[in-house]
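The values are calculated or read from the model by the stated rules, or taken from the named source; none is laboratory data. Just so we're clear, the structure is a prediction, and the values are computed from it rather than from any experiment. Here the Cβ positions follow ideal geometry from the backbone for every residue, glycine too, while neighbour counts run over all protein chains shown. Accessible surface areas use protein heavy atoms only, side chains included; no ligands, DNA or RNA. Shrake-Rupley method; radii C 1.70, N 1.55, O 1.52, S 1.80 Å.
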Amino acid sequence: MLSLNGFGQSDSIQAIKEVKVSFRPANLRLPVSKQYCVDRIDILELAPNDIGELLQRFSGVYLKSYGGLGGMKTFSYRSLGSQHASIILDGFSLENTQAGQVNLAQLHTDNVESIVKTDEQDLAGVLPIAGQLSGVSYAISSFDNSFLKNGLFIRASLGYGSFDTQNSYLNTKWQHNGYFINASGKFRRSDGDYPFRFENGNTIDRQIRTNNAYQDYSFGNAFGYKKKNHQLRLNYRYNESEQGLPGAVIFYNQSADEQLYTKLFNAAGDYSFSGKKLSMRWYNTYTRSYLRYLDTSYLNSAGFLDSEYLNERVNSGIAVNYKFKNPRFNLFGGTELDRSSLISSDSTFGEPLRVYNRQLIGMGAKWVNLNAKLQMGGHYVMDNHELSNERTRYKLTPMFTLGTNYLRPRRFNHRISYRNSLRLPSFNELYYNGVGNIALKPEVAHQSSYELTYEPHKKKFLNSLVANGYFNRVEDLILAIPTKNLFVWSMQNVGIVHVFGFDISSKYLLERDKISYKINLSYSFQRSMDMTDSESPTYRDQIAYIPYHTGLMEFGINLKQSGLRITNSFVGSRYSLNENIEMNRLDPFVITDLSVHHVFKRKNNNLTLQFNIKNLFDRSYAYVRSYIMPGVNYLITLRYALH
Amino acid sequence: MILSCKKDKVDPTSEEPLTLTNGMLVLNEGLFQQNNSSISWASFATNNVQNQYFQSRTNRSLGDTGNDIQRYGGKVYVVVNVSSTVEVLDAKTFESIKQIEMKVGTAPKQPRYITFAGSKAYVSCYDGYVDVIDTTSLEVELRILVGANPEAMTIANGKLYVANSGGLNFPQMDSTVSVIDLASNMELEKLTVGINPGSVIRDQAGDVYVISRGDYGAIPSRLYRIDTQQDSVVANFNFDVTSICSFEDNFLIANQDMSSGSSSIGLFDPASESMVNPNYINTTSVSTLYAIQYNPNDQRIYVCDALNYTNTGYVKSFSNTGTYLTEYHVGLIPTKMIFYE
């Protein structure tokens, strides 16, 4: 395993040596395979609109994107819904109790240093308990909340692109004698009226996406103090957005009048201690999420639909790791408390409240070149609502891993693991306007996997290779099905899904004189079967929106201060409904993106000019049926970094 | 890659007929925002089904959420709700004659049902109007203001009876039936029935029956009878009902209880206003009883089975005494049929 660390780098595109997670206390080692990491170079060169576009680079992840800039994005991991996953930003878990899943389109990437998949990494004592107990975790580390070396740091960028997309970003940080203060802001807007074409029978129709304008701004501050083994961080961020919802492309009817307004305030703070034996982290978060949905052409008597929702969440937890005198053993654990509430203008919704307490205890052991980890999670959930009685549940979720830890020259490592995770029903699924079902149980996932990693000497062309085989079983799958008539669907625990698959990814790096060549290859196969009812027409059919095949093929070349990267993403055919018939099949696609850049350097100042072409060959494609994505589009970015 | 995908299941299909005889057209609603509404042709001679029949005859998709299909004169009219169109086709060759855009400016009217009288077609639209379309020019000539979110209609005694559901005002839905004088195209009055009226049907004596669908919760669905001479609600019946159709001089009363999954088809005599047999047809072979129709040509009863609404459904046929005969595998959420001799 390599230890990677990307902080302290100036914001130019150059070889990266290490990456770490921002909430890691100083003397905790974090082994991170390069396969489980999207680093700063990737982020800069790809110029993604949001975190969602980066997450799809991880094997086994399938993005569900409803459009371009600002369009809703969620994902599945090895056929598990994103509700089984944790998104951890700077050590604080992001959750949305109302919808159940985080809209990845709301997470910017300008300040992101790295994203690390942490499901099987040793992050006890630092990762929030929510992250340690979820099916998979993606830890995002930002520039804002990281300790750097002493001095002044500036990052700024200006961008202009297709569909009149404009964005500007400024981030400054000053660090001195263990203190840092940080201030940042971002503004972006887009008309979003992209042309698209789609098939209607035997004809190809060409139209312009309308009501797709997007605008948002955000700002925040962060403060940190570090001395010896102690670390304290405080930060807040405010984000406000306004966007049109173009909706699905409906044949013969292109009208769309829906608008969405959001205001998101997030404040967080943590204290970490890392001694030789004991390391711990205490973390706290407050999130206030306001959402307004407006449809000015709704055909009710009022002539419009205007709904407002206010979702508040308070979260506090402590994670501890203790290393015994005998260095072979460590004990870890912690607890976390969440309180979520929702107030809405919709009288049928009521005012739901959830108190969620997670507990964790586990131990790790090392013997010769073997690592083992065993943990047990506890989940106490109390749901309350004025229209129903208080309900409580308690569930246990075990997990273990066993793996080898050979260092060079023994270059193969193996690991087997089993993980049990829960996905709680969201407020929408429990209470929403006739759809909700208060009797819903948590959805349960069992994941078992085998992993092989191979990391030859770094001077070899093949830099790293990871292969996984896995089997998942999902029980009590939460699905929307009609329970009264076609217009009144309701949420039910009805499904059983079996998933088996494998993925393989490899990275190649070759450096000759001043030229470096980089190749990334990954492929994933997923067979995700509906096992709910052997009498059903969809028994053993592939689950909707899970492609059998996905892949990534990427080539990069860097010469002195210039670089070029070509990325090809492949998504195989999949179905929009569970019935595997031609009518439900969605076409496979390959999307090619191109990025070129040049860095002008002067002492500690870097100025980067970058040009991105996305969907280079102007393919017509959709992740979600009837939501056609943009064709070829461009983005030019000027970026400045001090230090 | 060596691994191959599982093969798609093949729909039963046959060669496409050029002239429609001895069979039925089946309208399949499809799912909201999926553009997968379709029409199937089922041959009674061979029992074969040609799915995607509209697309194969017109080279384009029917659109999103087909809600009603009717034959009138030499034409077939298909009301497509979310696409906001009325498709007009030749009843014999099924070639497209016209696609009528149902919009006010760019705003969709969201048409729901169609019925006919003389040279006019009447289309209920969710924006609170009934559009009058001339069946020769196929142009919208007039818009008649009715109640909120009108659904099905029927004509009796020179008047149009329109069920105003108010479904988009949930949970405060409408409970009225608009009575329109066809001579003046004016609304005469609104009659009050139960909450959320949907289906409307006329009996041989000229009375109108309305299904009020309730609130899908505490308030159950109920059937109401309107005396069209007096235009007054004269009776309501104490049984659950989700769909209704004429069956010779009687009605078939279908009910699907989605909570329990059970269904029933009863025989109702409008003359005596009584349920003659609450279990006239054994529905154990039907998963989700979505619609029912009687074909007087072959004297068979056809039942639409929508399964779980996300799998392609079946039309199942029964003899007029309720004996199961055969089934046709059609498209997603079959909702209505037109029968051909």
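Looking only at residues that are out of contact with any helix residue (DSSP H, G or I) (no Cβ under 9 Å at 6 or more places or on another chain) and either crowded, with 20+ Cβ neighbours inside 10 Å or within 14 Å of chain B (Cβ to nearest Cβ) (or both) in segment A:594-613, which one is farthest from A:T172 (Cα to Cα)? If we take residues in segment A:594-613 being out of contact with any helix residue (DSSP H, G or I) (no Cβ under 9 Å at 6 or more places or on another chain) and either crowded, with 20+ Cβ neighbours inside 10 Å or within 14 Å of chain B (Cβ to nearest Cβ) (or both), then A:V599 is farthest from A:T172 (Cα to Cα).
Here A:I591 passes the criteria (1) open to solvent by less than 10 Å² (accessible area, probe 1.4 Å); (2) at pLDDT 95 or above; (3) within 20 Å of A:K73 (Cα to Cα) except the one numbered (1).
Screening A:K228 against (1) without any contact (Cβ under 8 Å) to a residue 12 or more places away in the chain; (2) of a type in the set (D, E, K, R); (3) at negative phi leaves a single unmet condition, (3). Scanning segment B:255-268 for residues that are more than 10 Å from every other protein chain (Cβ to nearest Cβ) and either in contact with a Phe, Trp or Tyr (Cβ under 9 Å, 6 or more places away or on another chain) or of a type in the set (V, I, T) (or both) returns B:N255, B:S264, B:I265, B:G266, B:L267, B:F268.
The lone criterion from (1) small (G, A, S); (2) open to solvent by 30 Å² or more (accessible area, probe 1.4 Å); (3) away from chain A (no Cβ under 14 Å) left unmet by B:A107 is number (3). Selection of first residues in segment A:469-481 that are at positive phi and of second residues that are open to solvent by less than 30 Å² (accessible area, probe 1.4 Å) and modelled with pLDDT of 90 or more, restricted to Cβ pairs under 8 Å at least 6 apart or on distinct chains, gives the following pairs, ordered by first then second residue: A:D476/A:P442; A:D476/A:E443; A:D476/A:V444. Evaluation of A:Y214 against the conditions (1) more than 14 Å from chain B (Cβ to nearest Cβ); (2) in contact with a Pro (Cβ under 7 Å, 6 or more places away or on another chain) shows that the sole unmet condition is (2).
Restricting to segment A:231-258, what's the tally of residues that are at pLDDT 95 or above, surrounded by fewer than 21 Cβ atoms within 10 Å (Cβ to Cβ) and over 23 Å from the mean Cα position of the chain (by Cα)? So the count comes out to 1. Applying the condition of being under 21 Å from A:Y62 (Cβ atoms) and among the acidic types (D, E) to segment A:497-536 and asking which residue is nearest to the other protein chains (Cβ to nearest Cβ) yields A:D530. The strands (runs of 3 or more DSSP E) found entirely in segment A:246-361 that carry 3 or more residues being within 14 Å of chain B (Cβ to nearest Cβ) and farther than 15 Å from A:S93 by Cα are A:305-323.
Scanning segment B:14-49 for residues that are touching a helix residue (DSSP H, G or I) at 6+ places or on another chain (Cβ under 8 Å) and either more than 14 Å from chain A (Cβ to nearest Cβ) or open to solvent by 20 Å² or more (accessible area, probe 1.4 Å) (or both) gives B:E16, B:L25, B:W41.
Per-residue answers, yes or no, for (1) at pLDDT 90 or above; (2) of a type in the set (D, E, K, R); (3) part of a loop (DSSP other than H, G, I, E, B):
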site	(1), (2), (3)
A:I41	no, no, no
A:P48	yes, no, yes
A:G68	no, no, yes
A:S86	yes, no, no
A:A105	no, no, no
A:D110	yes, yes, yes
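Residues in segment A:534-569 that are without any contact (Cβ under 8 Å) to a residue 12 or more places away in the chain and loosely packed, with under 15 Cβ neighbours inside 10 Å: 4 in all.
Among the residues of segment A:490-511, those identified as buried (at least 19 other Cβ atoms within 10 Å of the Cβ) and among the hydrophobic types (A, V, I, L, M, F, W, C) are A:M491, A:V497, A:V499, A:L509. For segment B:173-195, the set of residues classified as open to solvent by less than 70 Å² (accessible area, probe 1.4 Å), closer than 15 Å to B:S232 by Cα and of a type in the set (A, V, I, L, M, F, W, C) consists of B:V177, B:V179, B:I180, B:L191, B:V193, listed by residue number. Considering segment B:282-303, and only residues there that are free of Cβ contacts under 8 Å to residues at least 60 places away in the same chain, under 27 Å from B:I226 (Cβ atoms) and surrounded by 18 or more Cβ atoms within 10 Å (Cβ to Cβ), the residue that is nearest to the other protein chains (Cβ to nearest Cβ) turns out to be B:Y290.
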